[in-house]
1. Checking the a/c ratio against 1.5 first, then a/b against b/c, what shape does the Cα gyration tensor give for the stretch 152-211?
2. Would you mind telling me which residue in Asp108, Asp38, Asp68 has the biggest mean-square fluctuation in a Gaussian network model of the chain, where springs connect alpha carbons within a distance under 10 angstrom?
3. Return a single number: how many Lys pairs in the stretch 27-111, at a sequence separation of 8 or more or on separate chains, have alpha-carbon atoms below 25 angstrom apart.
4. Suppose R0 equals 35 Å. What FRET efficiency, 1/(1 + (r/R0)^6) with r the Cβ-Cβ distance, do Thr241 and Glu132 give to the nearest 0.05?
5. Let's see if you can work this out: charge +1 on each Lys and Arg Cβ, -1 on each Asp and Glu Cβ, no other charges. What is the dipole magnitude of the stretch 54-194 about its Cα centre, in debye to the nearest 20?
6. Per residue, how much space in cubic angstrom lies within the convex hull of the C-alpha atoms of the stretch 128-168?
7. Please report the base-10 log of the normalised intensity I(q)/I(0) for the stretch 27-120, using a Debye sum with one equal scatterer per alpha carbon and no solvent, at each q in 0.13, 0.21, 0.22, 0.23 (1/Å).
8. Computed from the mean reciprocal separation of all distinct C-alpha pairs, what Kirkwood hydrodynamic radius does the stretch 236-293 have, in Å?
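Every read-out reported here was derived from the displayed coordinates using simple, explicitly stated rules and does not represent laboratory data. Predicted model, so just to flag it, every value in this text is computed and none were measured. Counting neighbours? That spans all protein chains shown, and the Cβs are built from the backbone with ideal geometry, glycine included.
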Amino acid sequence: MPTEILTGEIAVDRAVQLLRDGGVVALPTETVYGLAGDALNDAALVKIFAVKARPTFDPLIVHLPHNDWLGRVAKFSTLEQKIIGSLIGRFWPGPLTIVLKKTEMISDLAVAGLDTVAVRRSANPIFCAVIEKFARPLAAPSANRFGRISPTTAQAVREELDIPLVVDGGRTTHGIESTVVQLVGGALEILRPGPVTSEMLVEFAPVKLAPGGRPISSPGQLLSHYSPRTKMQIVARVAKTPDHSGGRVGALLFGPIETLGFTATRQLSLRRDLGEAAANLFQSMRELDGEGLDLIVAEFVPEIGLGVAINDRLRRAASFDKTERVG
Ligand code: TXA
Ligand code: MG
């Protein structure tokens, strides 16, 4: 059956109906499109893993309809409660996911057997309309096949997944996935860098980074994520002409430079704005991946603010061994 792409009230109603029937549906969020299913229904969770070809050791993010749900799905100490209260006061609804101890309400399947659960609230108005009407938490990983680039448009979801319905909310605002943090002894560990940067988080608690200033990696997070099919190489600066004679080489550039001899180029932000670069990143990777190239040469962006998350996605995209694709 072909995937339907719908908008408006009719799409919201259809999505809620599918969710009530234990089905899955792709919904826009402010970060990337998600593949949503009832977080409290294991049959729906099984479908999410199956549709994405996602291994069951990779835990899902649970999206909440309202802050009131937090105390039902997660447990925390008084100290943690204070920090969490100020974090969600500032960043929810929005692109911040918090890993907390889970309650009995959340099944082992949702969290891949961990005793923690990752929770967030999306700010996307269509997502909010669906989850408010559904009135239960939604598990929603990014709506791509496992190991592939997260979709930032409804059309990209349709290319990725075989599902009945994608609710179209246009291009997503941030373009990269939410920041994932875990509270450890009153400090915040960034498990996945994202739109809420460490510079924004230090105001609320000390932020712990792995040696070398890199974020600490999540248990379920493999290096082989966000991957185009084409081989990708990252350099500090892309040269004006490719040093790869004979092959079809594409360039993924941060700002405007005049290049010669590349088969295709994409510029993430002509005004060198990191927010705009993040919003364009996955779509640009997807487009270059469709050009039949032998190699994509990408350049790092400045490793500050949102640049940390962009460089993280670039590293992961380049690290994947194309001969060992999963799913
Ligand atoms: O922006 C987003 O977060 C999107 C939208 C759809 O909400 N969702 C998303 O989900 O990116 P997903 O499943 O593609 O990525 C979830 C990440 C994974 O890296 C996973 O390992 C980590 O969150 N995660 C989930 N539960 C965790 C837990 N209990 N402990 C540590 N990491 C966890
Ligand atoms: Mg994902």
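1. Details: a/c = 3.65, a/b = 2.77, b/c = 1.32.
It comes out prolate by the Cα gyration axes.
2. Asp68
3. On the way: Lys47/Lys101; Lys47/Lys102; Lys52/Lys102; Lys75/Lys101; Lys75/Lys102; Lys82/Lys101; Lys82/Lys102.
Within the stretch 27-111, the lysine pair count is 7.
4. On the way: r = 53 Å, r/R0 = 1.52.
Once the sixth-power term is evaluated, E becomes 0.05.
5. Numbers: 16 positive and 13 negative charges, 48 e Å.
Charge dipole of the stretch 54-194: 220 debye, to the nearest 20.
6. Values: hull volume 3.5 nm³, N = 41.
Given the Cα convex hull of the stretch 128-168, per-residue volume reads 85 Å³.
7. -0.44, -1.12, -1.20, -1.29
8. On the way: mean 1/r = 0.0848 Å⁻¹.
Roughly 11.8 Å, rounded to one decimal.
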